[in-house]
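The values are calculated or read from the model by the stated rules, or taken from the named source; none is laboratory data. Keep in mind that this is a model prediction, so the values were computed, not measured. In this analysis, Cβ positions are derived from the backbone assuming ideal geometry, glycine residues included, and neighbour counts consider all displayed protein chains. Heads up: the accessible areas ignore ligands, DNA and RNA and are worked out on the full protein's heavy atoms, side chains in. Shrake-Rupley method; radii C 1.70, N 1.55, O 1.52, S 1.80 Å.
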Amino acid sequence: MIEKKGLGKWVIARFQHETNTFSPIPTPLEAFNPLWGQDAYRDQENAQTAMGAFIQIAKQEHVDIVTPVCAFSNPSGSVCAKAYERICNSIVEAVEQGCDAILLDLHGAMVSEDAVDGEGALLKRIRSIAPNTPIAVALDLHANVTPLMIQDSNVMVSFKTYPHIDMYDTGIHAGTLIRDMLKGKIRPTMAYRQIPLLSHTLRSNTNEGAMKLAVEAAAELEKKSGVLAASILAGFSLADFKDAGMSVIVIVDELSSPSTDLAEHYAAQLESMILSQADGFIYESSPINTALKRASELADSPQKGPVLLLDHSDNVMSGGPCDTTDILEAALQFGLSNIACGPFADPATVQKLVQLGVGAKATIELGNKSGWKYRGVSKPPLQLSGIVRAISDGQVKVTGPIFKGSILSMGPSILFETAKAQIVISCNRVEPYDIAVMTDLGIDLESKSYVLLKSRMYCRPVFFPLSKGFVECDSDQGGPTSSNYDWFDIKNIRRPIYPLDSGINPQ
């Protein structure tokens, strides 16, 4: 086959949001900190993201590069209609100018006020004006893949790690396939299976259990002749819309595959494997006192380092406000001490303490100001007395593997010390990608008995090496990112689905 030389013009964009439809945090345009045109290009040219990888491949091929937008928001509530429309329009308008390929760095679990299938609706618009243009999509492992997303793309590849440390690699994978498609080297065809399984985020850790086995099976599948990609999507269960849940995608090359239904065959294999281990994707929270008893016993062990208390009832990267105080309150009531904790997002308290200054004694009302309600009931802030130990601008350069090299903006931040805890309070909701969220404010982590983190997974690459162990903590009163589905009024997800419908046998 004659290889095409010139690959023309590529439209490359990033639009990412994981929507927790139960979150009280709004998602306006400002939440995305959108960068447009050349600003998007400059920001992403050397970024360790899928968009960064797309740009590198495009540069190697000497194509014309158009980057209409780079927009990323931490998980929160449904995307405001105006924000969704503005960002989508920027991508669509770039495509309308004509291009030879479209490469999109998307999350896959976006819900907007006007489009419950955020990515599917965007891809449908693009396909309507570019019916024959190859479209490649890099997805988060927690994407809720829909039939519409598959229908209107040519290549769709997801991360294979959680915590996510292969964003760039995924972009290289998807981008290489679209490049080879343009050159006439391959002809991708996709098969997709939507699985009746609503997995828990804490069971999508790719370093253990059923998810590890599923991702390893996908990686082995990619070694087979004719298989171009195999993706396992854990889904995101707190996006309450029809297509939330697990799925698999297999891409094969029609030019080299011995059978036209090879993709379907392998997708069915992966689906069957996942369903045979359905219970391995389900997480059951322990009562908080049981978890804290385990933490206390672990703290008494001879190993060095603190015990990590991972608050998965309220963490940023699942859409939490990062201001609920349930786990801290429970830890103090249980009698734990010498705790480092946070970051808690409470700009009002930060402002008050900045005005008082370092060394000032104060009584504060911490957290519970975001609007989250416990089955309709608001909880008052936690009253604490202590001393302002440090103030910082909250600008942290990430040295860990997730978003390495980027700046994590906590906003003005405080270290507030009580008799039993050192508490990091920030203006912005942030995930602790780096230990500097605490150490920059003067916390000596190795001297602590416990480190309570508003994180379920992203903290692990950087905090685990310093610790003697960890305990996952869920609030007995629920929380905006709780692992207990009973706390959520789920109305729209397709049924039957396991484990919401426990009477069904997913196997």
Pick from region 410-419, criterion out of contact with any Ser or Thr (no Cβ under 7 Å at 6 or more places or on another chain) and farther than 17 Å from A348 by Cα, ranking: surrounded by the fewest Cβ atoms within 10 Å (Cβ to Cβ)
A419
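Is at least one residue of region 272-290 more than 27 Å from the chain's Cα centre (by Cα) and free of Cβ contacts under 8 Å to residues at least 40 places away in the same chain? Don't jump to the end; show me each part of the working.
Quick first cut of region 272-290, residues more than 27 Å from the chain's Cα centre (by Cα) only: 289-290.
Narrowing the set further to residues that are free of Cβ contacts under 8 Å to residues at least 40 places away in the same chain leaves 290.
Scanning region 272-290 turns up at least one residue that is more than 27 Å from the chain's Cα centre (by Cα) and free of Cβ contacts under 8 Å to residues at least 40 places away in the same chain.
Mind listing whichever residues of region 345-380 are charged (D, E, K, R) and either open to solvent by 50 Å² or more (accessible area, probe 1.4 Å) or in a strand (DSSP E or B) (or both)? Spell out how you get there, then give the answer.
Step one: filter region 345-380 for residues charged (D, E, K, R), giving 346, 352, 361, 365, 369, 373, 375, 379.
Those that are charged (D, E, K, R) and either open to solvent by 50 Å² or more (accessible area, probe 1.4 Å) or in a strand (DSSP E or B) (or both): K352, K361, E365, K369, K373, R375.
V137: of a type in the set (V, I, T) and touching a residue at least 60 places away in the same chain (Cβ under 8 Å), yes or no?
Answer is no for this residue.
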Give all pairs with beta carbons closer than 6 Å in which a residue from region 244-255 that is of a type in the set (S, T, N, Q) meets a residue that is assigned to a strand (DSSP E or B) and modelled with pLDDT under 95; count only pairs at least 6 apart in sequence or on separate chains.
none
Odd one out for A219 among (1) assigned to a helix (DSSP H, G or I); (2) of a type in the set (A, V, I, L, M); (3) more than 29 Å from S318 (Cβ to Cβ)
(3)
Just a yes or no: is a residue in region 306-321 in a loop (DSSP other than H, G, I, E, B), among the small types (G, A, S) and surrounded by fewer than 24 Cβ atoms within 10 Å (Cβ to Cβ)?
no
Name the residues in region 381-408 that are within 30 Å of the chain's Cα centre (by Cα) and either open to solvent by 90 Å² or more (accessible area, probe 1.4 Å) or among the charged types (D, E, K, R) (or both), would you?
D393, K397, T399, K404, I407
Output the residues belonging to region 422-444 that are open to solvent by 10 Å² or more (accessible area, probe 1.4 Å) and in contact with a Pro (Cβ under 9 Å, 6 or more places away or on another chain).
C427, N428, R429, Y433
Could you list all residues from region 121-157 that are open to solvent by less than 10 Å² (accessible area, probe 1.4 Å) and either at pLDDT below 95 or farther than 22 Å from Y84 by Cα (or both)?
V155, V157
Taking interchain pairs and intrachain pairs at least six residues apart, which have beta carbon atoms under 6 angstrom, with the first residue in region 417-445 and without any contact (Cβ under 8 Å) to a residue 40 or more places away in the chain and the second open to solvent by 40 Å² or more (accessible area, probe 1.4 Å) and assigned to a loop (DSSP other than H, G, I, E, B)?
D434/T399
Per the filter on region 287-305, residues out of contact with any helix residue (DSSP H, G or I) (no Cβ under 6 Å at 6 or more places or on another chain) and open to solvent by less than 40 Å² (accessible area, probe 1.4 Å) are A291, A295, S296, A299, S301
Is it true that some residue in region 68-79 is in contact (Cβ under 8 Å) with a residue 24 or more places away in the chain, in contact with a Leu (Cβ under 7 Å, 6 or more places away or on another chain), closer than 27 Å to I490 by Cβ and open to solvent by less than 40 Å² (accessible area, probe 1.4 Å)?
no
Between residues in region 312-329 that are at positive phi and residues that are small (G, A, S) and open to solvent by 10 Å² or more (accessible area, probe 1.4 Å), which pairs lie under 7 Å by C-beta distance while being six or more apart or on different chains?
G319/S23; C322/A345
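Condition check ((1) within 19 Å of S313 (Cβ to Cβ); (2) in contact (Cβ under 8 Å) with a residue 60 or more places away in the chain) across all residues:
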{"site": "T363", "(1), (2)": "no, no"}
{"site": "S378", "(1), (2)": "yes, no"}
{"site": "P381", "(1), (2)": "yes, no"}
{"site": "V388", "(1), (2)": "no, no"}
{"site": "G394", "(1), (2)": "no, no"}
{"site": "G400", "(1), (2)": "no, yes"}
Scan region 226-238 and report the pairs whose first residue is within 19 Å of T176 (Cα to Cα) and whose second residue is acidic (D, E), with Cβ atoms within less than 6 Å and a gap of 6+ or a chain change.
G226/D253; L228/D253; A230/E222
Check region 85-98 and report whether any residue there is charged (D, E, K, R), farther than 17 Å from I135 by Cα and surrounded by fewer than 24 Cβ atoms within 10 Å (Cβ to Cβ).
yes
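Every residue, every condition in (1) among the aliphatic types (A, V, I, L, M); (2) under 30 Å from I490 (Cα atoms); (3) open to solvent by 10 Å² or more (accessible area, probe 1.4 Å); (4) touching a residue at least 12 places away in the same chain (Cβ under 8 Å), yes or no:
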| site | (1), (2), (3), (4) |
| --- | --- |
| I25 | yes, yes, yes, yes |
| F32 | no, yes, no, yes |
| Q44 | no, no, no, yes |
| A47 | yes, no, yes, yes |
| M51 | yes, no, no, yes |
| I57 | yes, no, no, yes |
| Q60 | no, no, yes, no |
Using the structure shown, decide if D476 is surrounded by fewer than 23 Cβ atoms within 10 Å (Cβ to Cβ), within 29 Å of I25 (Cα to Cα) and among the charged types (D, E, K, R).
yes
Enumeration of residues in region 233-264 that are within 18 Å of the chain's Cα centre (by Cα) and open to solvent by 10 Å² or more (accessible area, probe 1.4 Å)
D240, F241, D243
